[in-house]
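The values are calculated or read from the model by the stated rules, or taken from the named source; none is laboratory data. All figures in this text were calculated on a predicted structure; none of them were measured in a lab. Cβ atoms come from the backbone with ideal geometry, glycine included; neighbour counts cover every protein chain shown. Side chains are part of the model used for accessible areas, which takes the heavy atoms of the whole protein and leaves out ligands, DNA and RNA. Shrake-Rupley method; radii C 1.70, N 1.55, O 1.52, S 1.80 Å.
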Amino acid sequence: MPSCLKALADVGSRDVEIIVVDNGSTDGSLAVLAEAERKGLRIIRTGQNLGFGRANNLGTSAARGKHYLLLNTDCFLRPGALERLVSVLEKRLDVAIVGPRLLNANGTLQPSCHNFPVPIVLFLEQSLLWKLLGGILLLRGLRGPLLIAGPHDRERAVDWLAGACLLVRAEAYWAARGFDERFFFYWEETDLCLRLKRLGWDVLFEPGAAAVHLGGGSSADPDLLLHFFKSLYIFYRKHYNPGRLITARLIIRLMSLVKAARAGSLWLSKENRRKARRSKQEAASWLRIARL
């Protein structure tokens, strides 16, 4: 967390207030920030993990600015990034959210521009068919699943952006009533972007600003995967008709069973105990998801 806050020092001459929402941390972060709190840093102590959306709603409710920088503690802004993002919102009054180019710790691109997860997109991504279709003209230039929307080398409007680092116009945020707190983790930024678009706002990707995000690979954790699909079903029930929800469930159950079978076969074939145990846990995780 301290490293994340240090990266905010490059804010030019702008008046900035920093609010930390401590979501029940147990790693000693608050002790490290004690001196900064005495100097004006605001800390909201929740005492428990309230989830991404609810925690951000608490922080923004306490903020006074016309723009909110929603920043994960494992995300570090590169020099000049905040100034660039603010300038976009000041020039583009039609934009509600702008996000930077996200990078992994080694400097490689971490895709952050995404398409809404309609069933065909969901099927191609979950089945990995996008790898086979990569050469088709329609998909040319795609650098990943169809949930990853196109190239990340130019400013452009997108369906939604990953929530690790987002600059949000306060007026638009509250017009959409902030994050839907039914989403504990995953898909809450997707839901917010969709609601903002329906209100007439744009969501913009700005590659001229960059941030390093350390947590881009965390979704391999079995519990996080479960949250991922639970939240996806909330998103479907909220925004899509029952037919689409049924289709999504069938796709996810089928793909989960395939992935469970694959992990199970690896578990039976592995001689290394640690790898075999990991494959067994993976198979069990996919079976849990298939039963959602």
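Are any of the residues in region 25-45 of a type in the set (S, T, Y), at pLDDT 90 or above and open to solvent by 70 Å² or more (accessible area, probe 1.4 Å)? Among the residues of region 25-45, not one is of a type in the set (S, T, Y), at pLDDT 90 or above and open to solvent by 70 Å² or more (accessible area, probe 1.4 Å), which makes the answer no. Say we look at region 1-24 and pick out the residues that are part of a helix (DSSP H, G or I) and touching a strand residue (DSSP E or B) at 6+ places or on another chain (Cβ under 9 Å); which of these is modelled with the highest pLDDT? Looking at the filtered set, the residue picked out is C4. Of L82, L102, L50, L69, all but one fail to be in a helix (DSSP H, G or I), on the phi < 0 side of the Ramachandran plot and not aromatic (F, W, Y); the exception is L82. When region 72-88 is filtered for residues that are in contact with a helix residue (DSSP H, G or I) (Cβ under 9 Å, 6 or more places away or on another chain) and closer than 10 Å to A209 by Cα, the ones remaining, listed by number, are L77, R78, P79, A81, L82.
The residues listed here are D191, D153; of these, the one that is acidic (D, E) and closer than 20 Å to V118 by Cα is D191.
Kindly list the number of the only condition in (1) within 20 Å of H227 (Cα to Cα); (2) open to solvent by 30 Å² or more (accessible area, probe 1.4 Å) that fails for R84. So R84 meets the others, but not (1). Within this structure, R64 passes the test of being closer than 30 Å to S29 by Cα and either modelled with pLDDT of 90 or more or open to solvent by less than 50 Å² (accessible area, probe 1.4 Å) (or both). As a summary of the residue check, A209 satisfies the conditions (1) within 30 Å of S279 (Cα to Cα); (2) touching a helix residue (DSSP H, G or I) at 6+ places or on another chain (Cβ under 8 Å); (3) open to solvent by less than 20 Å² (accessible area, probe 1.4 Å); (4) of a type outside the set (F, W, Y) except for the one numbered (1). May I ask you to list the residues in region 105-127 that are aromatic (F, W, Y) and either under 17 Å from E189 (Cβ atoms) or at pLDDT 85 or above (or both)? F116, the sole residue that qualifies.
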